[in-house]
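The next block holds one structure in the form of structure tokens; read it before the comments.
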Amino acid sequence: MARFSRDPDEASLLAGDFEDFGVPLKDAPIVSLRSLEDGPSACELRHNSFWRRLLMILRRQNAGQRTDEQRPLRKPSKYEKLNKRSNKPRWRRRISRMCIAIPILVLSFFGIVHLVNVFMSMVPILWDDDPHPFLPGWGEPGELGEGLANYPTDFTRDVIPIPCHSHNDYWRRIPLYQALHYGCTGVEADVWLFDEELYVGHNTISLTRNRTFRNLYVDPLVEILVVLLVDFKSSGEALWPYVVEQLSALRSKNYLTHFDGRSVLPGPVTVVATGNAPFDLLIANSTYRDIFFDAPLADMWEEPKEGFPPNGAFHRHRPDREGNGIPSSQGNSFNRKLAERGNGGQGNTGTGDVTSPDAFTNMNSYYASVSFTKTIGRIWGGRISAQQMRLIRGHIQGAKKRGLKARYWDTPSWPIGLRNHVWAVLVREGVDMLNVDNLRAAARSDWKRKNHHGWL
């Protein structure tokens, strides 16, 4: 604050000065000469600096709002001339930018919609859509439609038989019947022998008391037409007599396809033994047998007589191949595997005395099977190569020459597009049975179809 003077002379002197400037005496501030000499205090400086800055801001704003008549006359600078010229077509530039931006935004929106649509249409190629059934409890006790939903022939209604084999059928929610519902003409049951009973399961930890070979397959097959593939998991020699005995229910009704010593008489049910099934015990009876062998398809390869796809029709890759273009596991593979005969596995158990693949005929065998991955190899680039086609055609030709049905297991299961492509090629080339896990997808048959989901 300013220090007020108590000296009357100084006050009168200052008052006289203010009168000269036309300032009323009562409004004139009375300050001492010492305060003028000392200058303003710190508080005054802060107070004055704030108001000075405020006044400066207001003056700048007012100066910007002045019209051309209020502005002082002066020569415009070079920058002002350029700025004035650039401001004239500014609205034109904005309109041109909007004309360019709006079509780009519209095209971008529809492009995103199209990409989402394409992605959703590719969902069936990567994953199979399996929606939940409508009213799953319909017809069950205590549910809607109790006692009205079931007919004796429901599981075969509108069924079109297709050449597919239900791999590991016992894993399905309804073993055997679900495979038949989708039209599969073959199912698989893995059996284990414990306490003179055959139990069904992929491994020993999955076995239960009530899931027996008789309950799941033999008894239902008394009234059903199908090919039953029995996969011997434990010792083939120990399993063999029990499998023969438990098939007696089908045998007594003359339902089993059997060999009578001269020819094969077809029946409603054909039983095929695979896995560790012993070939020597199977052919021991030369006058009657109703269990047929799953022969080794790889041993039946022969040079295809039909032509090959033209060069470049299939993607090529760098597999492990011999000079003749056949994988190392092929080409005179039967003689090469003589030392491995009898060691177990599909097509090997009990074949130590077999010296030629011609020993496997439709009189003792039904399928000729092999692992797709081990013999054909992996599929690169989404297409089967020419050399792989040569192997497939050689296998199928050798199996058909002996009256057997060619079957590949361990085929690619994912991505879905690759799986469907392999299925289509195998069926086109003459494979008699597809080894499938997804019955719904196999039953569709139109494996190239793409589904679009939602409003996109």
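The values are calculated or read from the model by the stated rules, or taken from the named source; none is laboratory data. This one's a predicted model, so the numbers in the text were calculated from it and none came from an experiment. In this analysis, Cβ positions are derived from the backbone assuming ideal geometry, glycine residues included, and neighbour counts consider all displayed protein chains. Protein only, heavy atoms only, side chains kept; ligands, DNA and RNA dropped before computing areas. Shrake-Rupley method; radii C 1.70, N 1.55, O 1.52, S 1.80 Å.
Quick notes on this one:
- Taken over segment 254-264, the criterion of being out of contact with any Gly (no Cβ under 9 Å at 6 or more places or on another chain) and open to solvent by 70 Å² or more (accessible area, probe 1.4 Å) is satisfied by Arg262 alone.
- Scan of segment 220-259 for residues that are over 22 Å from Phe293 (Cβ atoms), assigned to a loop (DSSP other than H, G, I, E, B) and of a type outside the set (Lys, Arg), ordered by number: Val222, Glu223, Ile224
- Qualifying residue in segment 204-214 (condition: among the hydroxyl-bearing types (Ser, Thr, Tyr), without any contact (Cβ under 8 Å) to a residue 24 or more places away in the chain, within 18 Å of Phe292 (Cβ to Cβ) and surrounded by fewer than 18 Cβ atoms within 10 Å (Cβ to Cβ)): no
- Residues that are open to solvent by less than 20 Å² (accessible area, probe 1.4 Å) and among the β-branched types (Val, Ile, Thr) within segment 183-196 comprise Val187, Val191, listed in sequence order.
- Lys305 passes every criterion in (1) open to solvent by 70 Å² or more (accessible area, probe 1.4 Å); (2) farther than 19 Å from Glu429 by Cβ; (3) at pLDDT 50 or above apart from (2).
- Being surrounded by 21 or more Cβ atoms within 10 Å (Cβ to Cβ), more than 30 Å from the chain's Cα centre (by Cα) and either of a type outside the set (Ser, Thr, Tyr) or outside any strand (DSSP E or B) (or both) is a property that Tyr217 has.
- Residue in segment 266-279 that is more than 42 Å from the chain's Cα centre (by Cα) and farther than 23 Å from Val200 by Cα present: no
- Residue check, Ile160 part of a helix (DSSP H, G or I), of a type in the set (Val, Ile, Thr) and within 39 Å of the chain's Cα centre (by Cα): no
- In segment 279-294, residue most open to solvent (accessible area, probe 1.4 Å) [restricted to those that are under 15 Å from Val243 (Cα atoms) and touching a Leu at 6+ places or on another chain (Cβ under 9 Å)]: Arg289
- Selection count where residues are crowded, with 16+ Cβ neighbours inside 10 Å and among the hydroxyl-bearing types (Ser, Thr, Tyr), scope segment 345-370: 6
- Residue, modelled with the lowest pLDDT, within segment 428-449, restricted to residues that are exposed (fewer than 13 other Cβ atoms within 10 Å of the Cβ) and assigned to a loop (DSSP other than H, G, I, E, B): Arg449
- Screening Thr373 against (1) in a loop (DSSP other than H, G, I, E, B); (2) of a type in the set (Ser, Thr, Tyr); (3) within 31 Å of the chain's Cα centre (by Cα); (4) more than 14 Å from Val425 (Cβ to Cβ) leaves a single unmet condition, (1).
- Qualifying residue in segment 393-414 (condition: under 18 Å from Glu188 (Cβ atoms), in a helix (DSSP H, G or I) and at pLDDT 90 or above): no
- Residue check for Tyr199: of a type in the set (Ser, Thr, Tyr), open to solvent by 60 Å² or more (accessible area, probe 1.4 Å) and farther than 19 Å from Asn362 by Cβ: no
- Being surrounded by fewer than 18 Cβ atoms within 10 Å (Cβ to Cβ) and modelled with pLDDT of 50 or more is a description that applies to Glu340.
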